[in-house]
Amino acid sequence: MSETNLHPALQKLAATHRRRLRLLGLWLFLAAAGFLMLLMVKAFTGQDAGSLLLLGLVGLLMLPAMAFAGGLMWYLDRRLSRGLDEIERLLRDCAPQAARLTPLGRGDGMGLLATLQLATEPTAPAKPLHALINPSFRWSAPPLGEIDVRLYCRELAPDRLWIALGAGGAPLIGKLIDRDAYRRRRLLLAVSLILLTFLLAVLAGTRLVAG
């Protein structure tokens, strides 16, 4: 979908993230070119067979590496386009609901957890709704405090995508979640990272002792 055909609230997001993708591609190209140039200088100044062989080997490996980087950039761009298309359909097909998002704590790489209360429910429901606002590096920056929004969502159920427009039409994008299941996933991820770090530390210590 062309950026000009998107909802005005999404056009800036689309332009920003495509610019980030182009910048990422440029940095990958410059890093690969700089590394290859360094090897070329070393090979031509060293004038030994080992340096020339290493240059040829790296040159051969660079081709599939660049092809992989190009495929990765294509995948990220396609995923972004699909996400924007789905959000565009929400804005087009769903009626807006007045709601209030209240952040719980601070955001991290997995997003910002918040409670969601509809304006049609003046009192807190028996089981409050919880929403995960996507990380700021993926979409737009999460709110710092309580905010009133216009919510677009097909169904108020876990794992349902939503978009909320705040003051001035600033978009917030995320999904509804089950808070208990979210906490279990976070705990499992933390335990896995601790075990992986411990395993790597043991392997590194074993190599040092063996060396």
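What nm distance separates the two modelled labels at C94 and L156, each placed 7 Å from Cα along Cα→Cβ?
Modelled inter-label distance: 1.2 nm.
Take every Cα-Cα pair in the stretch 3-92 and report what % of them are more than 15 Å apart.
For the stretch 3-92, the share of Cα pairs beyond 15 Å comes to 68 percent.
Once the Cβ-Cβ distance between L63 and L200 is put in as r, and R0 is 25 Å, what FRET efficiency do you end up with, to the nearest 0.05?
After rounding to 0.05, the efficiency reads 0.20.
What ³J(HN,Hα) values, in whole Hz, does the Karplus curve 6.51 cos²θ - 1.76 cosθ + 1.60 give for the stretch 180-192 when θ = phi - 60°, with x put for Gly and Pro?
5, 5, 5, 5, 5, 5, 5, 5, 4, 5, 5, 5, 5
Need the full-extension length gain, K42 to D77, defined as separation in residues times 0.36 nm minus the C-alpha distance. One decimal, nm.
Using 0.36 nm per residue and subtracting the Cα-Cα distance, I get 8.9 nm.
Would you pull out the residues with amide H under 5 Å of H130's amide H, same chain only if 5 or more places away, H placed 1.01 Å from N?
Answer set, sorted by chain and number: L116, I177.
Divide, for the stretch 141-194, the radius of gyration over alpha carbons by 2.2 N^0.38 Å, where N is the residue count.
1.42
Residue by residue through the stretch 28-41, what is 3J(HN,Hα) from phi via Karplus (6.51 cos²θ - 1.76 cosθ + 1.60, θ = phi - 60°)? Round to whole Hz and write x for glycine and proline.
After applying 6.51 cos²θ - 1.76 cosθ + 1.60, I find 4, 5, 5, 5, 5, 5, x, 5, 5, 5, 4, 5, 5, 4 Hz.
HN-Hα J couplings of the stretch 154-160 from phi, Karplus 6.51/-1.76/1.60, θ = phi - 60°, integer Hz, Gly and Pro as x?
Working through the residues one at a time gives 6, 7, 7, 9, x, 6, 8 Hz.
When the chain is fully extended, how far beyond the present Cα-Cα distance does R185 get from R20, taking 0.36 nm per residue of separation? Could you put the intermediate results ahead of the total?
Details: separation 165, 0.36 × 165 = 59.40 nm, distance 2.91 nm.
Contour length minus Cα-Cα distance gives 56.5 nm.
Values in this text are rule-based calculations from the coordinates and carry no lab data. Just so you know, these numbers come straight off a predicted model, no measurement behind them. Please note: Cβ atoms are built from the backbone with ideal geometry, for glycine as well, and neighbour counts cover all protein chains shown.
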